[in-house]
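Beneath this line is the structure, given in structure tokens, with notes to follow.
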Amino acid sequence: MRKFKTSVSIQPYFTVQEGKMDEARQVLDRCVDASANEAGSYFYNFTVNGNVLFCREYYTDADAVLTHLGNVGALIEELLKVSELTR
């Protein structure tokens, strides 16, 4: 249980603009690819339900989150051009 004392979970929801899901999915694939070999990442992936994207992220600590943001930050900005962070 000790290894989870510093772990970080982030669970954002995005609502994709109508007609933009294909563009959003392409960005999601690139996000997952960009983070595939990150040290400190327990899990990172997206679930799609209609026009809502749910991202499940789980990291060893805050430093791992910062590493991840450095890897996918520009891609998330790209995603926000076709969606809105709703939760």
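Pairing residues of segment 4-31 that are basic (Lys, Arg) with residues that are surrounded by fewer than 16 Cβ atoms within 10 Å (Cβ to Cβ), at Cβ distances under 8 Å and at least 6 apart in sequence or on separate chains, gives Arg25/Val48. Can you tell me which residue in segment 58-79 is surrounded by the most Cβ atoms within 10 Å (Cβ to Cβ), limited to those that are touching a residue at least 40 places away in the same chain (Cβ under 8 Å) and farther than 10 Å from Cys31 by Cβ? Ranking the qualifying residues of segment 58-79, first place goes to Tyr59.
For residues that are surrounded by fewer than 10 Cβ atoms within 10 Å (Cβ to Cβ) and either assigned to a strand (DSSP E or B) or of a type in the set (Asp, Glu) (or both), scanning just segment 35-49, find the one that is modelled with the highest pLDDT. In this case the residue turns out to be Asn49.
Look at Asp22 and say whether it is part of a helix (DSSP H, G or I) and either at pLDDT below 95 or closer than 18 Å to Asn71 by Cβ (or both). Judged against the criteria, Asp22 is not a match.
Which numbered condition in (1) assigned to a loop (DSSP other than H, G, I, E, B); (2) open to solvent by less than 90 Å² (accessible area, probe 1.4 Å) is the only one that Val32 fails? Of the numbered conditions (1) assigned to a loop (DSSP other than H, G, I, E, B); (2) open to solvent by less than 90 Å² (accessible area, probe 1.4 Å), the odd one out for Val32 is (1).
The values are calculated or read from the model by the stated rules, or taken from the named source; none is laboratory data. It should be emphasised that the depicted structure is a prediction, and the values quoted were computed from it without experimental measurement. Positions of Cβ are generated from backbone atoms using ideal geometry, with glycine treated the same way; all protein chains shown enter the neighbour counts. Heavy atoms of the whole protein, side chains included, go into the accessibility calculation; ligands, DNA and RNA do not. Shrake-Rupley method; radii C 1.70, N 1.55, O 1.52, S 1.80 Å.
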